[in-house]
Each structure stands twice: as structure tokens, then as C-alpha cells.
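The values are calculated or read from the model by the stated rules, or taken from the named source; none is laboratory data. Please read all numbers here as calculations on a predicted model, not as lab measurements. Using ideal geometry, Cβ is built from the backbone for each residue, glycine included, and neighbour counts are taken over all protein chains shown. SASA here: full protein model, heavy atoms, side chains in, ligands and nucleic acids out. Shrake-Rupley method; radii C 1.70, N 1.55, O 1.52, S 1.80 Å.
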Amino acid sequence: MSTPPGPSKGSSSSKPNGVGKAIAHIDLDGHNLPPSPAPSSPRNGRKYALATELVYTESKDQYGASSMPIYQSATFKQTSANGGSEYDYTRSGNPTRTHLERHLAKIMNANRALAVGSGMGALDVITRILRPGDEVITGDDLYGGTNRLLAYMAKNHGIIVHHVDTTTPERVRGVLSPKTTMVLLETPTNPLIKIVDIPTISKLVHDSNAQALVVVDNTMLSPMLSNPLDFGADIVYESGTKYLSGHHDIMAGVLAFNDPAIGDKMFFTINSTGCGITPNDAFLLMRGIKTLAIRMEKQQANAQAIAEFLESHGFRVRYPGLKSHPQYDLHWSISRGAGAVLSFETGDAHLSERIVEAARLWGISVSFGCVNSLISMPCQMSHASIDPKTRKERQMPEDIIRLCVGIEDVDDLIDDLSRALVQAGAVTVTLDGFHAIESARALAKVSIEDSDAAAAPS
Ligand SMILES: Cc1ncc(COP(=O)(O)O)c(C=O)c1O
Ligand SMILES: N[C@@H](CCSC[C@H](N)C(=O)O)C(=O)O
């Protein structure tokens, strides 16, 4: 039914998204196109559609190398005793890294971007601006590592962290105070796929008397699908380990900003602590970025087909490409695609474990954004660092299964998932096909009631 096409039906004519265009939004059923896709206002001399800009670079290499070489050197010789050269030491700067950072600034709609050794490294750089007594407002559904770093800061550095349901901007307003110095948002959230209204929250934070920075983790969408700086965020960061590199062969983190003063502070920390990306990883990240548009197009078309498949068999599916997502309109007002991560529930954690372990083509692995499809149980894997009591308080279902969809043939993916569902006993097979077992169907019913409530006028 919904937004992006099911690629198994031959949808390759869809154009990868460009500035202001929705990605891959052929409407196979003749209905249910997304509302207006999020705008993307180009900065940094962007001339072409985003899919073009991802591959287009102007080489600064002395030989005009079309692929910026890896400057595998720790030091650079100076032209005089008092310096005089652009680079001196790779911790402070390296041509391969600079090339990547300029490219990142362009595709992230930023005045400046910086690259470090991992997504958590990027968040660490950002949180170093916090001082004891500072207050941070963040979500109640967050990547486990983000939650862990904030908990560490609260325990050891006197930072006060408020976890609220950021899907309701009023909850943010409720804890915002002059002591708030950072509001940290993730959308869609990992793994509950809740959508956060970045423009409304940014406005309310900036209009308040708090001197707070709005920081957005854009890992779940990548610059291909969203540019949160355009919606008022002060800092955007991402795990480059995911979509940007796309092959799960490097760790990387990126940061982007428009305010030069913020950029200078972040650079100071990166240089002082030595967490900048290595030349080799900068090269690999740059190479990965060039295929982001085509990978994302295929990944999210596959994800759409799989979300529809699971939903049509009676499972509760969380994916913003489905009309049943309670915040479908909000998502499409701030994004140009639904991404390729979805989650679903079965009503029974042991049953979910059996499904995950029965899958063959889907690798049991943390992470997402890679060309290979992955299946995981967040409560036991990516989010295991959040203790069970907190997970329960934050309504994180122990049975939730996360699917991170890759670029394989979608029929193979669906066949393998179907076989795993049957083998695990998650479906009952009848003459007219198969249906999710009762525990899973009951959850789907609750989710329809949720989306009806979200759609009702308040
Ligand atoms: C939403 C999100 N943000 C940040 C990170 C951290 O990235 P990295 O693993 O590159 O440190 C991850 C995953 O690890 C993530 O899922
Ligand atoms: N053992 C790791 C888990 C990494 S999870 C990676 C990714 N963000 C995901 O959501 O799958 C850790 O403790 O950080």
C-alpha cells in the first residue's frame, strides 16, 4: 500500500531523491502517497540534486586523483621554522579527512562538518561542553549507548538528565528551565520508531529563556532522508558506521553545525582529545557515501514491502512508511523517506527469540544501515545496557524484534522471514495462507486503536 514501492514488483524507475523530492515514492496501489516531503534547503554551494551531490566532488588533490588518496602520514613537513603549511599533524588535520568533512558539510546542509572515530565519539565530543549542574532533556526511547553515556555523565559529572516522551513537545516544555543547556533528540527513535517533532521542539527551546542547544541524532535517517539543521537543530550528529558507510566495515561518527563558534568548540575537543577519524576510515567513509542514494532507495523499498507483509499477516509493525504509524504525517513533514529499520512484536519474548534464531538470510547482529539485512532483539542486544527495570518503565517491549533491511532480493528476504515465522510457531497456517498467532494479533489491535487516537482531533 504505502509510500515507497515494493521493489520485487519492479519499481526501479523511481528517481532517487533530490532537493525537496520524496525518495522512491511510486504509489503501487494508486493511493496513500505521503504528505509533502520534508524540504531540503541547499547550502554550501550545492548545485545538484542530493543523489548527484553525494557522488560529485571537486578534487583538491595535486594530481587530480578522482578518488581522494589516503594520506597515511602522521606528520607533514613545514615550509619554514614557524609553520607555514596547511597541515602539521594528523590529529589536528589531514587532507583525506578534510576532503571528507567538506563533502559532509555539503550533504548535511551545514556550514561545517567534522568526522570522528564513532557515533558515540561524536556524542562524547558534544557532551564535553556540559558543566556540572547543567540539565539535559532527552527522550525515553533512545539508543542504548546514548542512554549509557548520559547515565555516566549524570553519575560522574553532575549533569542532570531528564528522560521524557519527546514525541509530545509539551513534555519537553514541562522540564525546560534556565538550567537546560542541551536538548538531545532522536527520530525515528531506536527501536520503538517514535517520531519527534524537531521543528516544534527547536522553536520552543530557542524561544525560551534557556540557553540550550538542540542536538539531533540523525543516524536512523542519514542526510539522504533528513537535514535536521534545516529544522532549527544547532548540532546534528550521526553514526557513520550505519547508512553513511553502508557496509559495516568501519566505525565512524560525524558532526555538523552552522554556527562557527560551535564548530570551533567541537574542533578544539577533537584536536585536544585525538578522536578524529583516521585517514583510512575517512577514505572508506567517503567511498560509502557515494552509494548512499542508491542503497537507501533499495533498502527502504525492501523495508516497505517487508513492513506491509508483516502487517498484512496480523503483526503489530512500527515503521513510518505504514499509514498505520500514529505519527505518519509528522514523519513525512520532516523526512524524505521512511528509512530501513522497522520493529514488530509477537507478544512473547521466547517466541521472538525463536524467530530470530530461525532466520538464515537475516544475520543476527546489532547495527543497521548496512547492505546486509539484520535481525535482532534490542532488549538483549543493542539496548541491553539499559537495565530491565528502566526498560519496563519506558515501555520497551521485551519481545520486540528489530529488522534492519538491506539490499538483497526482497522475495528472498520475505521467504526467509516467512519460514522463520512458521518454524518458530509465530503463525498459524490455514488454507488461505498464514496469520499471526493470537498474542501477536492482540498487539496489532491495540496499535490500530493507538493510531485512531492519534488521528482524532484533540
Ligand atoms: C541511533 C544511534 N546513535 C548513535 C549510535 C552510536 O554509533 P557508533 O556505534 O558508531 O558509536 C548508534 C549505534 O551504535 C545508534 O543506533
Ligand atoms: N555492544 C554494543 C552494542 C552496539 S549496538 C549498535 C547499534 N547502535 C544498534 O542499535 O544496533 C554496545 O554496548 O554499545
Exercise. Taking the Cα atoms only, what angle lies between the long axis of helix 410-424 and the longest principal axis of the chain, rounded to 10 degrees?
Worked result: 60
For this session: Report relative contact order for the chain in percent, whole number only (criteria: Cα-Cα under 8 Å, sequence separation at least 6).
Result: 17
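For residue 82 and residue 429, calculate 0.36 nm times their separation in residues minus their Cα-Cα distance, and state this gained length in nm to one decimal. Please list the in-between numbers first.
Values: separation 347, 0.36 × 347 = 124.92 nm, distance 7.75 nm.
Here the answer is 117.2 nm.
Using mean Cβ contacts within 10 Å as the protection proxy, how do 170-183, 131-144, 297-310 order, highest first?
Values: 170-183: 17.8, 131-144: 20.3, 297-310: 25.4.
Highest mean packing first, the order is 297-310, 131-144, 170-183.
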Seminar exercise, completed: Computed ³J(HN,Hα) along the stretch 109-120: with the Karplus parameters 6.51/-1.76/1.60, θ = phi - 60°, integer Hz and x for glycine or proline, the list is 6, 10, 7, 8, 9, 9, 10, 10, x, 5, x, 5
Exercise. Which lysines have a Cα lying under 28 Å from the Cα of residue 155, excluding residues fewer than 8 positions away in the same chain?
Worked result: 179, 194, 265, 389, 392
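Taking only protein heavy atoms and a 1.4 Å probe, what accessible area per residue, in Å², does the stretch 341-419 have with all protein chains in place?
Details: 3060 Å² over 79 residues.
Accessible area per residue: 39 Å².
Per the helix-only calculation at 222 nm, which mean residue ellipticity applies to the chain, given -39500 (n - 2.57) for every DSSP H run of n ≥ 4 and division by its residues, nearest 500 deg cm²/dmol? Don't skip to the end; give the middle numbers.
Numbers: 15 runs with 165 residues, N = 458.
So the calculated ellipticity at 222 nm is -11000 deg cm²/dmol.
R0 = 45 Å: FRET efficiency of residue 350 with residue 409, Cβ-based, nearest 0.05?
Details: r = 30 Å, r/R0 = 0.68.
After rounding to 0.05, the efficiency reads 0.90.
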For this session: Return the carbon/sulfur percentage of the accessible area of the chain, one whole number, probe 1.4 Å, all protein chains in place.
Result: 53
Exercise. In degrees between 0 and 90, to the nearest 10, how far off the longest principal axis of the chain does helix 260-273 point, with axes built from Cα atoms?
Worked result: 90
Exercise. In whole angstrom, how far apart do the alpha carbon centroids of the stretch 284-346 and the stretch 211-231 sit?
Worked result: 17
For this session: For an R0 of 30 angstrom, estimate the FRET efficiency from the Cβ-Cβ distance between residue 273 and residue 155 and round to the nearest 0.05.
Result: 0.90
Seminar exercise, completed: Length gained if residue 364 through residue 211 is fully extended, taking 0.36 nm per residue and subtracting the Cα-Cα distance, is 50.8 nm
Exercise. Once the Cβ-Cβ distance between residue 102 and residue 131 is put in as r, and R0 is 30 Å, what FRET efficiency do you end up with, to the nearest 0.05?
Worked result: 0.40
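Under unit Cβ charges (Lys, Arg +1; Asp, Glu -1), what dipole magnitude, rounded to 20 debye, does the chain have relative to its Cα centre? Could the numbers behind the result be given before it?
Numbers: 42 positive and 49 negative charges, 251 e Å.
Value, rounded to 20: 1200 debye.
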Problem set entry | Using alpha-carbon coordinates, inclination of helix 349-358 to the longest axis of the chain, degrees | 80
Problem set entry | Residues in the stretch 96-137 that a label on residue 390 would reach, taking backbone N under 15 Å of a point 7 Å out along Cα→Cβ | 136-137
For this session: Could you calculate the contour length gain from residue 381 to residue 148, that is, 0.36 nm times the residue separation minus the distance between their Cα atoms, to one decimal place in nm?
Result: 82.5 nm
